[in-house]
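Okay, structure first, notes after.
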Amino acid sequence: MGGVWWRRIKWTAVALIAAAVVFAAASLIWVRAASSGRLYTLDDVPARPVAMVLGAQVFADGTPSPFLEARLAMARDLYHAGKIRAVLVSGDNMNFDYNEPDAMRDWLIAQGVPAHKVVADYAGFDTSDSCQRAHRIFGATSLIVLTQSFHIRRAVALCRDAGIDAIGVGDDSVAVYRQPWRNGLIREQGAIVKALFEVVTGHEPTHWGPRETSLDEALR
């Protein structure tokens, strides 16, 4: 009897592992298909009304980390080149003593982007939340997503799933920080699987809130 149960457990484990492998492969296929033909460089990216900068680490003194500063620099350059009319900065402000959006907004304003052209989303707790809120809370229908290159395909895929005509530009300049870059690459593999799972299960953002008009006003 024990042998029968052991075989059942073994084959159940094999089936679960096989299903996990298939789902992981499907997630990679999905994210590549959804972002195909939608990735650009700063020089050749088509104009869009909005650029969305996805949040990343901010230091205790309010200074953006190199990864986040690289994303912000792309938004600055796109604005000064006339390729966008507003910037949506979306990040984490879950705790009162940690505020990515304000740090991002302050950096852009200091770099010459007009304050009334920078809109902050304080509930962009992850990429999926940022994309869904950009569409349903801020009314974005077409935008350029800005993040690192290892993250850009997933970001574009999730924004498209949220109903946005999204294209993206990925930054490679911070690849010189080898260990953080390698860590990001490794984490991204699991994040892609999580992204497809959230799409399939109809994941909702941590926080919705009422419709905001700040982005509409910035585009006027």
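No value in this document is a laboratory result; all are computed from the given coordinates. As the structure is a prediction and not an experimental result, all values here were calculated from the model. FYI the Cβ positions are ideal-geometry reconstructions off the backbone, even for glycines, and counts take in every protein chain you see.
Got the relative contact order for the chain handy, in percent, Cα pairs under 8 Å and 6 or more residues apart?
24 percent
Relative to the longest principal axis of the C-alpha atoms of the chain, give the angle of the C-alpha long axis of helix 2-35, reported between 0 and 90° and rounded to the nearest 10°.
30 degrees
Report the full-extension gain for the segment Trp208 to Ser173: residue separation times 0.36 nm, less the Cα-Cα distance, to one decimal in nm.
Here the answer is 9.2 nm.
So, in Å, what gap is there between the alpha-carbon centers of the range 55-133 and the range 162-220?
When both Cα centres are located, 13 Å separates them.
For the range 59-159, state which chymotrypsin sites (Phe, Trp or Tyr not before Pro) are in a DSSP loop and have at most 11 other beta carbons lying within 10 Å of their beta carbon.
Phe59, Phe96
As I understand it, the value is the acute angle between the Cα axis of helix 127-136 and the longest principal axis of the Cα atoms of the chain; what does it come to in degrees, rounded to 10?
Approximately 60 degrees, to the nearest ten.
In nanometres, what is the gap between the two model label sites at Glu217 and Val14, each 7 Å from Cα along Cα-to-Cβ?
6.3 nm
Please report the antiparallel percentage of DSSP beta bridges with both residues in the range 88-176, rounded to the nearest 5.
10 percent
Count the DSSP beta bridges whose two residues both fall in the chain, then state the antiparallel fraction as a percent rounded to the nearest 5.
So the antiparallel bridges in the chain amount to around 10 percent.
Which stretch or stretches of the range 54-77 have amide N atoms under 19 Å from the point lying 7 Å from Asn183's Cα along the Cα→Cβ direction?
55-71
For the chain, how big is Rg over Rh, using alpha carbon atoms and the Kirkwood form of Rh? Let's see the in-between values first.
Values: Rg = 19.3 Å, Rh = 18.2 Å.
Answer for the chain: 1.06.
Determine the dipole magnitude for the chain: charges of +1 sit on the beta-carbon of Lys and Arg, -1 on that of Asp and Glu, nothing else is charged, the reference point is the Cα centre, and the result goes in debye to the nearest 20.
So the dipole magnitude of the chain works out to roughly 960 debye.
Counting helices only, and only those DSSP H runs with n ≥ 4, report the 222 nm mean residue ellipticity of the chain as the sum of -39,500 (n - 2.57) divided by its residues, in deg cm²/dmol to the nearest 500.
On the way: 7 runs with 113 residues, N = 220.
So the helix-based figure for the chain works out to -17000 deg cm²/dmol.
Considering all projection directions equally, how large on average is the shadow of the alpha-carbon convex hull of the range 82-204, in square nanometres?
Taking the Cα atoms of the range 82-204, their convex hull projects to 8.3 nm² on average.
Expressed as an acute angle from 0 to 90° and rounded to the nearest 10, what is the orientation of the C-alpha long axis of helix 66-80 relative to the principal long axis of the chain?
50 degrees
Using the Cα centre of the range 2-219 as origin and beta-carbon charges of +1 (Lys, Arg) and -1 (Asp, Glu), tell me which of Met94, Ala70, Ala191 is placed farthest towards the positive end of the dipole.
Toward the positive end, the furthest listed residue is Ala191.
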